Amino acid sequence: MPNKKYNWPQLFSDYEQSGLSQTEFCKQHEINPKYFSLKLSKRKASEGSPFTKAIVQPEVEYTTSLVLHIGHCKILCPSTMPIPSLVALVKALA
């Protein structure tokens with residue numbers, strides 16, 4: 001039996017949208033479930049953890065706010081922030 005060439009990105013997309021178990025999806029597409037699982041886990045590992053993704057928002061100008069710079073972080077405190085909350089924040093960061 002000759003080896004089949006698969007369009008893996010398309011298959012992964014189809015699988016994720018199918019709502020089927022891996023076993024059922026592989027059965028319908030005549031794919032070895034163990035091989036599919038191996039390829040899928042390699043793809044997920046190469047994409048990295050979803051916790052490493054960040055969405056960068058455009059810079060917003062806060063003219064009436066307090067901005068605390070700590071390393072590469074910026075903490076924007078609204079001008080309506082109660083003083084006790086601000087004091088607690090500063091103490092927690094110290």
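Q10 to K44: FRET efficiency via 1/(1 + (r/R0)^6), r the Cβ-Cβ distance, R0 25 Å, to the nearest 0.05?
Between Q10 and K44 the formula returns 0.95.
What lysines does K91 reach when the alpha-carbon gap must be under 17 Å and sequence neighbours fewer than 8 apart in one chain are set aside?
Straight-distance partners of K91: K74.
Cut-off under 21 Å on the C-alpha distance; same-chain residues fewer than 8 positions from K5 excluded. Which lysines are left, in chain and number order?
Reachable lysines: K27, K34, K39, K42, K44.
From the protein chains alone at 1.4 Å, what is the descending order of accessible area for Y35, Y6, largest first?
Y35, Y6
The values are calculated or read from the model by the stated rules, or taken from the named source; none is laboratory data. Keep in mind the model is a prediction, meaning the values are calculated, not measured. A quick note on method: Cβ atoms are made from the backbone with ideal geometry, for glycine too, and the neighbour counts reach across all protein chains shown. These area figures cover heavy atoms from the full protein model, side chains too; ligands, DNA and RNA do not enter into them. Shrake-Rupley method; radii C 1.70, N 1.55, O 1.52, S 1.80 Å.
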